[in-house]
1. Looking at this model, which pairs from K53/K104; K55/K97; K55/K104; K38/K63; K42/K63; K53/K97 are more than 25 angstrom apart at the alpha-carbon?
2. Return the long-range amide H neighbours of I28 (sequence gap of 5 or more, or a different chain), with a cut-off of under 5 Å between placed amide H atoms.
3. Would you mind counting up the charge near F23? Only other residues with Cβ under 12 Å from its Cβ, with Lys and Arg at +1 and Asp and Glu at -1.
4. Give the aspartates and glutamates reachable from K49 as a straight Cα distance under 16 Å; neighbours fewer than 8 places away on the same chain don't count.
5. Compute the Cα gyration tensor for the stretch 1-76, then decide on rounded, prolate or oblate, letting a ≥ b ≥ c be the square roots of its eigenvalues: rounded whenever a/c is under 1.5, prolate when a/b is larger than b/c in the other cases, and oblate in all that remain.
Amino acid sequence: MSFVHYRVSTLGIQLEETLQELFREKVIDVDLLEVVRKEFDKAIIAVLKKTVKDKPVIKGKLKHYQNCDNVWIFYISNPEIRVSNYSLPIQINGSLKIVGCDSKLIANFHQKKGKKGKKIKVKRGKP
């Protein structure tokens, strides 16, 4: 399970390209590459928690939704997005995909990684 959907933002893409270039030039190794990615994940989460105050209202036709491991995905056709009561609505022709997850899951995801960025196998089942 991966919570890195914000890495496809402009900032995330630029960071990844820079890291890959530094890795190719052998300025950094794989371990440092993973540390930087992990710190980026933590920083994005902290900034979003601190700066995002408004809650958007989305109206449209819900085409499909799914929940897998507490990660929700919603597909909405022809949505209208309004950030606050005073803003003008944004109309999108086509579909919108929304991915949502609990921030506690993200924190747990990062804690379950072992040394050097290797994943630790976690047994699932009843506690």
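1. Working: K53/K104 19 Å; K55/K97 17 Å; K55/K104 19 Å; K38/K63 34 Å; K42/K63 32 Å; K53/K97 21 Å.
Pairs exceeding 25 Å: K38/K63; K42/K63.
2. Amide H to amide H, under 5 Å and 5 or more residues apart or across chains, I28 pairs with F23.
3. Details: positive: R24, K26, R37; negative: E16, E17, E21, E25, D29, D31, E34.
Residues close to F23 contribute a combined charge of -4.
4. List returned: E39, D41, D102.
5. Working: a/c = 2.59, a/b = 2.06, b/c = 1.26.
Taking the square roots of the gyration eigenvalues as a ≥ b ≥ c, the stretch 1-76 is prolate.
Just so you know, all these numbers are worked out from the coordinates, no wet-lab data involved. Bear in mind the structure is a predicted one, so any value in this text is a computation, not a measurement. FYI the Cβ positions are ideal-geometry reconstructions off the backbone, even for glycines, and counts take in every protein chain you see.
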